[in-house]
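See structure below.
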Amino acid sequence: MVVALCAFALALLPYLRPIVMTDIRIKNETGYQLRNIMVNGGAYGDLPIGGVSGYQKLPHAHDYASYEFVAVHGELRKEVRLFFDDNIGLIPLGKGRYSYVLRHAPWDMLDTENILYSVSDGD
């Protein structure tokens, strides 16, 4: 039994990786005010049109991320949510500074397509 557990543990070693923290900030290029921004569990608060948040350290950051926010356009409000349920096959961004950019989409399509992409900030 002990030998089997040791063999199992050894087989898992290549898949065990240390958690790498990535500095992530949010850029709002949607053309709308954004409120209550959450990305991969990190709370970024509110951003005006063209606003940029401060950096937060997030574990397991990838090119794609789950996000949610409330978009504001005049008197209109729209809750937007996109969740990725697995990261299989995605390569982590790794150590460094990156921006998750929320790009523009027409109001009626804002909650139907992935508008987030990542950009290396080069530092």
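Key figures
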read-out	value
Residue check for Val52: more than 17 Å from Val20 (Cα to Cα), touching a Lys or Arg at 6+ places or on another chain (Cβ under 6 Å) and modelled with pLDDT of 90 or more	yes
Filter result (open to solvent by 60 Å² or more (accessible area, probe 1.4 Å) and touching a residue at least 12 places away in the same chain (Cβ under 8 Å)) within segment 91-111	Ile91, Pro92, Lys95, Arg97, Arg103, His104, Asp111
Asp63 being open to solvent by 60 Å² or more (accessible area, probe 1.4 Å) and acidic (Asp, Glu)	yes
Contacts under 9 angstrom Cβ, first residue in segment 36-61 being of a type in the set (Ser, Thr, Tyr), partner open to solvent by 60 Å² or more (accessible area, probe 1.4 Å), 6 or more apart	Tyr44/Asn36; Tyr44/Met38; Tyr55/Arg97
Test: residue in segment 26-33 that is charged (D, E, K, R) and under 9 Å from the mean Cα position of the chain (by Cα)	no
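Rundown of residues vs (1) touching a helix residue (DSSP H, G or I) at 6+ places or on another chain (Cβ under 7 Å); (2) open to solvent by less than 60 Å² (accessible area, probe 1.4 Å); (3) of a type in the set (Phe, Trp, Tyr), yes/no style:
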residue	(1), (2), (3)
Asn36	no, no, no
Val39	no, yes, no
Tyr44	no, yes, yes
Val52	no, no, no
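Listed here are the residues, each with its yes/no results for (1) open to solvent by 80 Å² or more (accessible area, probe 1.4 Å); (2) modelled with pLDDT of 85 or more; (3) in contact with a Phe, Trp or Tyr (Cβ under 8 Å, 6 or more places away or on another chain).
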| residue | (1), (2), (3) |
| --- | --- |
| Ile24 | no, yes, yes |
| Thr30 | no, yes, no |
| Leu58 | no, yes, no |
| His73 | yes, yes, yes |
| Phe83 | yes, yes, no |
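The values are calculated or read from the model by the stated rules, or taken from the named source; none is laboratory data. Please read these numbers as outputs of a predicted model, since none were measured by experiment. Please note: Cβ atoms are built from the backbone with ideal geometry, for glycine as well, and neighbour counts cover all protein chains shown. Each accessible area value is taken on the protein alone, full model and side chains, heavy atoms only, with ligands, DNA and RNA left out. Shrake-Rupley method; radii C 1.70, N 1.55, O 1.52, S 1.80 Å.
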